[in-house]
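To start, the structure under review is shown below, and the notes come after it.
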Amino acid sequence: MLLSLLALLSAALLARAAPPTCYSRVLSLSKEITESFKELQTSKAKDPCVETLPRLYLDIHNYCVLTKLRDFVAYPRCERVLEVSELKEKARSLYTIMISYCRRDLAFLTDDCNALESPIHSSIESSEDIDS
């Protein structure tokens, strides 16, 4: 019995120690970027230029996310705001990961660019939120 429990715990630890897949890395980075953007938008000490930034909601299952990332990184304002520069660097990293390292591993389920402008809480996100 004790040996079975020890084996089960060891297997659980090994599963958590496995390196992230391309998909899991892209998913976690996109969530991190989206949350950072929300925090930046709601910050009490935000710079006025932050209000002019393009909306940044990321759904990695939508092909238009690549254009959204590219446009955000190329946005010419707010370079003087450290948080915006850091966010742009994360967006650039995500874009690079998606178009080069994980290009063959990702499957886009839609190409609805309007969905990234006015997001609806999708069933995919709901199921991920339940898992968290």
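The values are calculated or read from the model by the stated rules, or taken from the named source; none is laboratory data. These figures come from a predicted structure and were not determined experimentally. Glycine gets a Cβ as well: all are built from the backbone with ideal geometry, and neighbour counts include every protein chain shown. Remember, those area values only see protein heavy atoms, side chains included, never the ligands or the DNA or RNA. Shrake-Rupley method; radii C 1.70, N 1.55, O 1.52, S 1.80 Å.
The figures follow:
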read-out	value
Criterion: in a loop (DSSP other than H, G, I, E, B) and in contact (Cβ under 8 Å) with a residue 24 or more places away in the chain - qualifying residue of L56, L87	L56
Total residues in region 36-53, condition over 13 Å from R77 (Cβ atoms), in a loop (DSSP other than H, G, I, E, B) and modelled with pLDDT of 85 or more	1
Filter result (crowded, with 17+ Cβ neighbours inside 10 Å, β-branched (V, I, T) and assigned to a helix (DSSP H, G or I)) within region 59-72	V65
Matching residues in region 73-84 - criterion: being open to solvent by less than 60 Å² (accessible area, probe 1.4 Å) and outside any helix (DSSP H, G or I)	Y75, C78, V81
